[in-house]
1. Residue check, residue 208 against (1) over 17 Å from the mean Cα position of the chain (by Cα); (2) not in a helix (DSSP H, G or I), all met but one. Which one?
2. Return the only residue of 42, 70, 82, 37 being surrounded by fewer than 17 Cβ atoms within 10 Å (Cβ to Cβ), in contact with a helix residue (DSSP H, G or I) (Cβ under 6 Å, 6 or more places away or on another chain) and either under 26 Å from residue 147 (Cα atoms) or without any contact (Cβ under 8 Å) to a residue 12 or more places away in the chain (or both).
3. Among the residues of segment 157-192, write down those that are assigned to a loop (DSSP other than H, G, I, E, B) and polar (S, T, N, Q).
4. Residue 158 - would you say it is among the polar types (S, T, N, Q) and under 18 Å from the mean Cα position of the chain (by Cα)?
5. Filter segment 149-171 down to the residues that are more than 20 Å from residue 18 (Cβ to Cβ) and of a type in the set (Asp, Glu) and list them by number.
6. Name every residue in segment 1-34 that is part of a helix (DSSP H, G or I) and touching a residue at least 40 places away in the same chain (Cβ under 8 Å), in order of residue number.
7. Within segment 139-173, count every residue that is in contact with a strand residue (DSSP E or B) (Cβ under 8 Å, 6 or more places away or on another chain) and without any contact (Cβ under 8 Å) to a residue 24 or more places away in the chain.
8. Residue pairs, Cβ under 8 Å, 6 or more apart or interchain, first in segment 93-106 and touching a residue at least 24 places away in the same chain (Cβ under 8 Å) and within 19 Å of residue 179 (Cβ to Cβ), second open to solvent by 20 Å² or more (accessible area, probe 1.4 Å) and of a type in the set (Gly, Ala, Ser). List them.
Amino acid sequence: MPLAIFDLDNTLLGGDSDHAWGEFIVAHRIVDPEQYQARNDQFFNDYLAGKLDIQVYLNFCLALLGEHPQGQLDAWHAQFMQEKILPIVLPKAQALIERHRQAGDTLIIITATNRFITGPIARHLGIDLLLATECERANGQYTGRTTDIPCFRDGKVNRLERWLLENNRTLEGSYFYSDSHNDLPLLGMVDHPVAVDPDDTLRAHAQAQGWPVISLR
């Protein structure tokens, strides 16, 4: 069974779930609104510009998880799904997922956004396999720190290669759908790279390589 691998933010979703979480906790004053919004926006701009320091960002955004009990975090996330995520789930993305499901492909979401945010989103999309940036847990609670290799740029390659080895799978016949030039290392590895509503850098690269460019908007 070939793999159908999907980036999440701005690919299957019509927005960025990580940034949307920041907007949600600011809007509900779960954090100091002005300070958090300014830093969150700067990190997002760094990501778009391809200069994000992923570890500094993770230290910033995961701190909140270590400050509140699991029950409160889950309640906030359920509200976040309703307010921020369901409105940006793309019907064309759901149809694309279903086409690959009907073809018998193995569906995987691979995302730089952390598992706390993306786990429920993947479940909503009906995709069981999720490679995401991992959040450390101890005694049933988040610590506010990350663990494992951040699932970002070359980290996505490392995490996927490890999954392939552990599951005795290959990339033969595989697809990868992404919007971002940050995913060029992984796009270059699969048999069927597809640029989805791509940023300018990825669009130019895809056109030069003859890769399909599609829109799910």
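1. Single failed check for residue 208: (2).
2. Numbers: 42 fails: in contact with a helix residue (DSSP H, G or I) (Cβ under 6 Å, 6 or more places away or on another chain); 70 fails: in contact with a helix residue (DSSP H, G or I) (Cβ under 6 Å, 6 or more places away or on another chain); 82 fails: in contact with a helix residue (DSSP H, G or I) (Cβ under 6 Å, 6 or more places away or on another chain).
Of 42, 70, 82, 37, the one residue that is surrounded by fewer than 17 Cβ atoms within 10 Å (Cβ to Cβ), in contact with a helix residue (DSSP H, G or I) (Cβ under 6 Å, 6 or more places away or on another chain) and either under 26 Å from residue 147 (Cα atoms) or without any contact (Cβ under 8 Å) to a residue 12 or more places away in the chain (or both) is 37.
3. If we filter segment 157-192 for residues that are assigned to a loop (DSSP other than H, G, I, E, B), which is where we start, we get 167-174, 179-180, 188-191.
Hits for segment 157-192 are 167, 168, 170, 174, 180.
4. Values: among the polar types (S, T, N, Q): yes; under 18 Å from the mean Cα position of the chain (by Cα): yes.
It is true that residue 158 is among the polar types (S, T, N, Q) and under 18 Å from the mean Cα position of the chain (by Cα).
5. 161, 166
6. Here is the first cut: in segment 1-34, the residues part of a helix (DSSP H, G or I) are 17-27, 33-34.
Residues satisfying the conditions are 17, 18, 20, 21, 23, 24, 25.
7. Of the residues in that region, 2 qualify.
8. If the second residue must be open to solvent by 20 Å² or more (accessible area, probe 1.4 Å) and of a type in the set (Gly, Ala, Ser), the pairs left are 97/126.
The values are calculated or read from the model by the stated rules, or taken from the named source; none is laboratory data. Keep in mind that this is a model prediction, so the values were computed, not measured. Using ideal geometry, Cβ is built from the backbone for each residue, glycine included, and neighbour counts are taken over all protein chains shown. Just the protein is used for accessible areas: all its heavy atoms, side chains included, with ligands, DNA and RNA removed. Shrake-Rupley method; radii C 1.70, N 1.55, O 1.52, S 1.80 Å.
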